[in-house]
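Shown next, in C-alpha cells, is the structure this report addresses.
The values are calculated or read from the model by the stated rules, or taken from the named source; none is laboratory data. Keep in mind the model is a prediction, meaning the values are calculated, not measured. In this analysis, Cβ positions are derived from the backbone assuming ideal geometry, glycine residues included, and neighbour counts consider all displayed protein chains. For the accessible areas, the whole protein counts, side chains as well, though only heavy atoms, and no ligand, DNA or RNA atoms are used. Shrake-Rupley method; radii C 1.70, N 1.55, O 1.52, S 1.80 Å.
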Amino acid sequence: MELYITDLAAYNEGQLVGRWVKLPLSEEKLSEAIAEVLSDGEFECQTDNHEEVFITDYESDISIGEYDDIYRLNKLAKILEELDERDLIKLKCLSHEGYNEKDVLDNGLETYEVDIYDYRDDTSFTDTFELLAQDFVDEGLFGEIPKSIQNYIDYSAIARDLRMDYTEFETNIIGRVA
C-alpha cells in the first residue's frame, strides 16, 4: 500500500506539498514522515500551524478515502501484506458485494463465509457461469443424472439461474457471500 500524503494547510494556500509513503511502517517512522510533510509545508508557505494531512493519491488493494486515518491504514497494510491470493480474492468479492473493506480486515476475513470459483486458467471460451453450472452438475449438486440424459442438460439455463445468486466480480472469478 502506498499513499501520497499532502499538507492540508499548504494545499489550502495553493501549494501541493506532500510525499509518497509506502506502508506498513513502524508507528515512529510514519509519524516522522507526516511531520516532515507538515514541516515542508510550513517552509514552502512561510506560515506556522500546519497540523493536518490528507491523502491525495494511493495504490492499494482496498479503497481509500482522502481523510482516512493513516495510522489505521498502516495497521491494515500490515494485514494486507500477510494475505495470500485467495484471501485477496475473498476481500474483493466482499467489497463487490458492498462490505466495507476496512471493516472486513478489522473483523478478520475468517469471519466471513464466501464461495469463490476461479476460472482464470480455463481457456475454453465457455461462459464462466456455464463452467460453474458444469462443475455443479459434475459434483452431483443436482443429484445423480443418468448417462442417457446428460447430453440434454441445458447448462446455459442453469448458468442464467446461477447469475441470480453469484457475481462475476473479476474476470473469470465468480463469488457469493454465503
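In the range 142-150 there is at least one residue matching the filter, namely being among the small types (G, A, S) and at pLDDT below 95.
Residue by residue, here is whether (1) more than 21 Å from I64 (Cα to Cα); (2) in a helix (DSSP H, G or I); (3) in contact with a Lys or Arg (Cβ under 6 Å, 6 or more places away or on another chain) holds:
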position	(1), (2), (3)
Y99	no, no, no
Y117	yes, no, no
D121	yes, no, no
Q134	yes, yes, no
V137	yes, yes, no
F142	yes, no, no
M164	yes, no, no
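Would you kindly identify the helices (runs of 4 or more DSSP H) lying entirely within the range 1-95 that contain at least 1 residues that are within 17 Å of the chain's Cα centre (by Cα) and β-branched (V, I, T)?
Working: elements: 8-12, 27-45, 70-82.
Those helices (runs of 4 or more DSSP H) span 70-82.
The set of residues in the range 1-31 being of a type outside the set (A, V, I, L, M), out of contact with any Asp or Glu (no Cβ under 8 Å at 6 or more places or on another chain) and either touching a residue at least 40 places away in the same chain (Cβ under 8 Å) or surrounded by 14 or more Cβ atoms within 10 Å (Cβ to Cβ) (or both) consists of T6, Y11, E13, E27.
With respect to L109, determine if the residue is in contact with a Ser or Thr (Cβ under 9 Å, 6 or more places away or on another chain) and either open to solvent by less than 40 Å² (accessible area, probe 1.4 Å) or β-branched (V, I, T) (or both).
Details: in contact with a Ser or Thr (Cβ under 9 Å, 6 or more places away or on another chain): no; either open to solvent by less than 40 Å² (accessible area, probe 1.4 Å) or β-branched (V, I, T) (or both): yes.
Taking the combined requirement at face value, the residue does not satisfy it.
A single member of D106, D87, D154, D69 is among the acidic types (D, E) and farther than 23 Å from M1 by Cβ, and it is D154.
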